[in-house]
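Coordinate-derived values only; no laboratory data. Computed from a predicted structure; not experimentally measured. Neighbour counts run over all protein chains shown; Cβ positions are idealised from the backbone, glycine included.
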Amino acid sequence: MWKTLGFLLLFVTPVLAQERITAYDALRVVGVHVNRDAVNHVVSVTGTKGDPQPETWHVFLEDRARGGIQDIVVKNGRVVSEKPASMVGSAQGATINTAHLNLDSSGAFQVASHIADKSGTRFDSASYTLRTGSRGDPTWIVTLHGVNGQPVGTIHIGANRGNVTRTEGMFAGATMQDVATEQTVYHERRRREPDQEQASGDEDEDNEHGPLYGIRQRMRGYFDRAQDEANGMWDRVRHSFTDFMNR
């Protein structure tokens, strides 16, 4: 029996070792490697080529003792390098308030994947950046990449409440059939102008809306619905960082 168990462990252990960790896990590793207070001085967390989680996480820490920023690289559940880093702008006041951090990278992926599905965006991998937003709240920026590695869309997700605040490269596209149909409707509307006074009013409207106005309105509706659905996922993806560190 023990030989059989040992045989099974021989094959199970490598599989478990290959499981990629989340951003929360990487922050915990940094907290152990440096000290527990280090997680209160995180400026940014990044990871690329996630499938869905990246193999390597970069945790950027505000270095109060020596000044500047430290880039701590976490891979396979341990710190593999630590070096000074340069970042655009000042890190002062930009540290992440982990007490407001309620969304791990795994949850951010679920939300981003849902938005991609609703927008018809196909992707092969994901890159993650966790940083403070314009109002000081932690924000996930998830960029989706196609099989060729090129970005196909970016989703901004509030890591405090899980709300989708912005998308780039998504919910803005239209097929050539959509464009042709919309332009036909646009030109027909202009031909039906009854008199010059009405035509002037239509021209103002056309200048404001343009021939693709209907497409943009429909895509906006798709985004609003997908955003509401993503917000409805909050109970499932919510994960307090404070609870994670204290467990």
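What to note about this one:
- Exposure proxy order (Cβ contacts within 10 Å, fewest to most) of Ile21, Ile69: Ile69, Ile21
- Mean Cβ neighbour count within 10 Å, used as a protection proxy, ranking 74-82, 131-139 highest first: 131-139, 74-82
- By other beta-carbon atoms within 10 Å, ranking Glu62, Glu19, Glu55 with the fewest at the front produces Glu19, Glu55, Glu62.
- Applying 1/(1 + (r/R0)^6) with r as the Cβ-Cβ distance of Gln150 and Val79 and R0 = 25 angstrom yields a FRET efficiency of 0.20.
- For the peptides 29-36, 123-130, 159-166, the ranking by mean Cβ contacts within 10 Å, running from highest to lowest, is 123-130, 159-166, 29-36.
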